[in-house]
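The values are calculated or read from the model by the stated rules, or taken from the named source; none is laboratory data. This one's a predicted model, so the numbers in the text were calculated from it and none came from an experiment. Cβ placement follows ideal geometry from the backbone for every residue including glycine, while neighbour counts extend to all protein chains displayed. Areas reflect the complete protein model, heavy atoms only, side chains present, ligands, DNA and RNA absent. Shrake-Rupley method; radii C 1.70, N 1.55, O 1.52, S 1.80 Å.
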Amino acid sequence: MQDAIGVRAPKIGIASPLSDPDEVELLVSNGATEFYCGVAPSAWAARYGASWLNRRSRGRANLPSMEHVANLVEKVHAHGLPVRVTLNAPFYTGEQLADVLALAGELTAAGADGLIVSDVGLILALRERGVAADITLSSMAAMRNSGAAGFFRDLGVTRMVLPRHVRMSEVASLRAHLPDVALELFVLNDGCVYEEGHCATTHALGTFCLTEWRYALDRRDGAAPTDDERAAFDEAVDDYRRWKWHVNNCGSTFSDRGLPNGPCGLCAIWDLCDLGVSCLKIVGRDSPTVRKVRSLRLVKTIVEQVAGGGTREAAAEYAQGLRDTPELCGSGFMCYYRDAVPTARGPRSPAGCSPSEP
Amino acid sequence: MSGPRLDEFARPGDAWSRAYLGSDFCQTLLPAPSAMLEAFAELRGRAAFTLVTPPVNDAGLHRVGLLLDSLSAETAPEAATEVVVNDWGVLGLVRAHPSLTPVLGRLLTRMLRDPRLPAERLDAEASSTRALQQSSVTSPPFQGLLRSFGVRRVELDPVVQGLAMDFDAMGLAPTLHAPFGYVTTGRVCLFAAMGQAEEHRFEVGAPCRQECRRFAARMTDAAPSPDAALITAGNTVMQRHERSVITRVLDALASRDARVVVRDAPFGEVAWATEHLPAATRWIEEHVS
């Protein structure tokens, strides 16, 4: 697959998760053009327990200290690439805000190029305190319309990560209304059953949405559901369980070709480039290095294919052929952008992916 | 369907002086302007009106704009007509309608509402507990932003861990929903799948026949579960809270401007509100175990 990667770098970026300084060389050589990471200082955990500093504080998703962040930033900067750090808890309380601001200052001093934030209070506080960091809006803000995008732009946000659950037509609408706002879109791995930014549960207690619930159907009018209604509901529940398995990285599996299965927007890269999206986000700070590397190869291969002048259909066909899992792609349950079905649009490169010199 | 009707949930009594209409959670359930105005007209002179709005995309933002235009044209400033906002884009729209009062909805009054939190094991004095018992609105910059948008009231759910916020000190008025609190919500809907072709099931924004207006489902965990009455109502998981939890939260509000909003079903798009707390307490005693 390495052979399929071209030599020209497209304008669209590929944001890779990073959780260990030792991963930097490997991820850069496989196509990362920028990084994001998290930090989980022990003092925060000791003080705030289940109220995590960022959305993924379990296991190896985070660096353990500011020293590790500084080391990581130095390694990334040696390649001339940026690294952003997540401070994207769904919210911070007034009491927590002072601690988060202090951490933000330390991260900036350690060389972080930007902060990924969702809490409005923190965005305002960073601006008021003059913390010198670019602010990227986290997907946790669940921003999905041009009014909200204008709101966050006016707060000083320079880039916005759209939520996982968004249609391509909605991305197009945002671009049309606010062409000056840089957008980052999910493209691979780790789905969510609900809207993450509106989920009021905590992963500190386990993943609520992956619980194998049993359901008892009720009619709102108080009557007993008919046999046909029960059958329709049971069928929907069976499909729902199947969809949840796909959302959960298809049970954390790889294809026979060793490529990661799970939520995927590879077919949509042509459209995302065409719309002028700034960056494609690969999810999985807590993933093993091998999953990060193979995810990067997948995305970079398609980006190069698109930049090389292929059609929308050819890019989608190539994307599906790489993984060679027709049974997974065919269900549509893995798709981040199911409405991005290729149609004939002519043999040209999309505007946002015109090749540039490396 | 054009939207909810007020007779879905009868007014509990004279003390319930405000009706809520709409969904906090789903754009598909936005009422048609005609249905909203019908309800508004029916309430005129009898009760105040609150339009509830969900998170929206650009198409939904346009629809909300039309609703606000209609509502604004019909309302006088002294009517104290409110709009609950669960989307920052919608808040911007409300600001353009000075006769309407914005209220911060439950999706923007962020706090943990996880039914699995071990309330009985929390140390009341610990910072970790306070963080669980407080929301985004305790942040001073956040409060300043709310003031700049004319938001004075914020909406809350009962939570098993209890609340520890001084609303009077923050200059905010709290509204508590009872007995159903939201746990999580999203754009993918189990009930919509009942009426969808297989290729559109669980697709964001796919056409929906609003099966959620006919059905809901009680949820139980296959493994030993916490004592939580969870219901999937449309695209949202709701928890029916016990009286002890609601009473504890209500006591903790201790605000001169506290309001209680009740509904008789987790999927209810009509609710009634009172700021007469003895009436609210009576309703809770009669309807919640």
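Dividing the Cα radius of gyration of the protein assembly as shown by 2.2 N^0.38 Å, with N the residue count, gives 0.94. Residues of the stretch A:319-337 buried by at least 20 Å² of accessible area upon assembly of all protein chains, compared with the chain on its own (1.4 Å probe): A:333. For the protein assembly as shown, build the charge dipole from Cβ charges (+1 Lys, Arg; -1 Asp, Glu) around the Cα centre, then report which of B:245, A:211, A:335 sits farthest towards its positive end. The one lying farthest along the dipole's positive direction is A:335. For residue A:255, the shell of other residues with beta-carbons less than 9 Å away shows a net charge of 0, using +1 for Lys and Arg and -1 for Asp and Glu. Under the Kirkwood approximation for Rh and a Cα-based Rg, what ratio Rg/Rh is obtained for the stretch B:157-289? Using only Cα positions, Rg/Rh for the stretch B:157-289 is 1.04.
A loss of 30 Å² or more of accessible area (1.4 Å probe, protein heavy atoms, ligands and nucleic acids excluded) relative to the isolated chain is seen in these residues of the stretch A:148-173: A:151, A:165, A:167, A:170.
Summing both sides, the accessible surface hidden between A and B at a 1.4 Å probe radius is close to 6100 Å².
Hey, quick one: spin label on residue A:207, modelled 7 Å out along Cα-Cβ, who in the stretch A:233-261 has an amide N within reach, i.e. under 17 Å? Only A:240-255, A:260-261 fall inside the zone, counting backbone N under 17 Å. To put it simply, the accessible area of the stretch A:21-179 at a 1.4 Å probe is 53 percent carbon and sulfur. Solvent exposure of residue B:7, expressed as accessible area, is near 110 Å², computed with a probe of 1.4 Å over the protein chains only. Applying 1/(1 + (r/R0)^6) with r as the Cβ-Cβ distance of residue A:78 and residue A:43 and R0 = 25 angstrom yields a FRET efficiency of 0.30. Ignoring solvent entirely, what values of log10 I(q)/I(0) come out of the Debye formula for the stretch B:89-198 at 0.09, 0.10, 0.20, 0.23 Å⁻¹ when each Cα is a single scatterer? Ignoring solvent entirely, the Cα scatterers give -0.32, -0.39, -1.10, -1.29. Taking label positions 7 Å along the Cα-Cβ direction at both residue B:41 and residue A:231, the computed distance is 4.4 nm, reported to one decimal. Expressed as a whole percent, the accessible area of chain B that falls on carbon and sulfur atoms is 50 (1.4 Å probe). Note on residue B:197/residue A:11: beta-carbon distance plugged into 1/(1 + (r/R0)^6) with R0 of 41 Å gives a FRET efficiency of 0.60.
Under a no-solvent Debye model with one identical scatterer per Cα of chain A, what's log10 I(q)/I(0) at q = 0.08, 0.09, 0.10, 0.12 Å⁻¹? The Debye formula, applied to the Cα set alone, gives -0.40, -0.51, -0.63, -0.90. What you get for chain B, charging only the Cβ of Lys and Arg (+1) and of Asp and Glu (-1), is a dipole of about 140 debye around the Cα centre. Give the accessible surface of chain B per residue, rounded to a whole number of Å², with probe radius 1.4 Å and ligands, DNA and RNA excluded. Normalised by residue count, the accessible surface of chain B is 36 Å². Summarising the label geometry, the points placed 7 Å from Cα in the beta-carbon direction at residue A:26 and residue B:59 lie 4.4 nm from one another. Once the chain from residue A:238 to residue A:71 is taken as fully extended at 0.36 nm per residue, the excess over their C-alpha distance is 55.4 nm.
Taking the Cα centre of the protein assembly as shown as origin, sum charge times position over the Cβ atoms of Lys and Arg (+1) and Asp and Glu (-1), and report the length of that vector in debye to the nearest 20.
460
Here the spin labels are modelled as points 7 Å beyond Cα on the Cα-Cβ line, and at residue A:129 and residue A:224 they lie 6.2 nm apart. For residue B:81, what charge total do you get from the other residues with a beta carbon under 11 Å from its beta carbon, if Lys and Arg give +1 and Asp and Glu give -1? Result for the local shell: -1. Multiplying the residue separation of residue B:126 and residue B:69 by 0.36 nm and subtracting their alpha-carbon distance yields 15.8 nm.
Taking chain A as a Gaussian network, Cα atoms linked when under 10 Å apart, which of A:207, A:226, A:325 shows the biggest mean-square fluctuation? Checking each option, the largest mean-square fluctuation is seen for A:226. In chain B, helical runs assigned H by DSSP with n ≥ 4 each contribute -39500 (n - 2.57); averaged across all residues and rounded to the nearest 500, the mean residue ellipticity at 222 nm is -8000 deg cm²/dmol. Here the calculated FRET efficiency for residue A:109 and residue B:152, from their Cβ-Cβ distance with R0 = 41 Å, stands at 0.60, rounded to the nearest 0.05.
How compact is the stretch A:145-229 by the rule of thumb for globular proteins, expressed as Cα Rg over 2.2 N^0.38 Å?
Ratio of Rg to 2.2 N^0.38 Å for the stretch A:145-229: 1.59.
Residue-wise HN-Hα couplings along the stretch B:184-189, as the Karplus relation 6.51 cos²θ - 1.76 cosθ + 1.60 with θ = phi - 60° gives them from phi, are 7, 8, x, 9, 9, 10 Hz; Gly and Pro carry x. Over chain A, DSSP H runs of length four or greater, each weighted -39,500 (n - 2.57), average out per residue to a 222 nm ellipticity of -11500 deg cm²/dmol.
Taking the Cα centre of chain A as origin and assigning +1 to Lys and Arg Cβ atoms and -1 to Asp and Glu Cβ atoms, the resulting dipole is close to 320 debye. Neighbours of residue B:215, meaning other residues whose beta-carbon lies under 13 angstrom from its beta-carbon, give a summed charge of +1 when Lys and Arg score +1 and Asp and Glu score -1. Here the 3J(HN,Hα) profile of the stretch A:264-270, calculated from phi with Karplus coefficients 6.51, -1.76 and 1.60 at θ = phi - 60°, is 8, x, 4, 4, 8, 4, 4 Hz, Gly and Pro shown as x. The stretch A:200-214 and the stretch B:94-156 have Cα centres separated by 22 Å.
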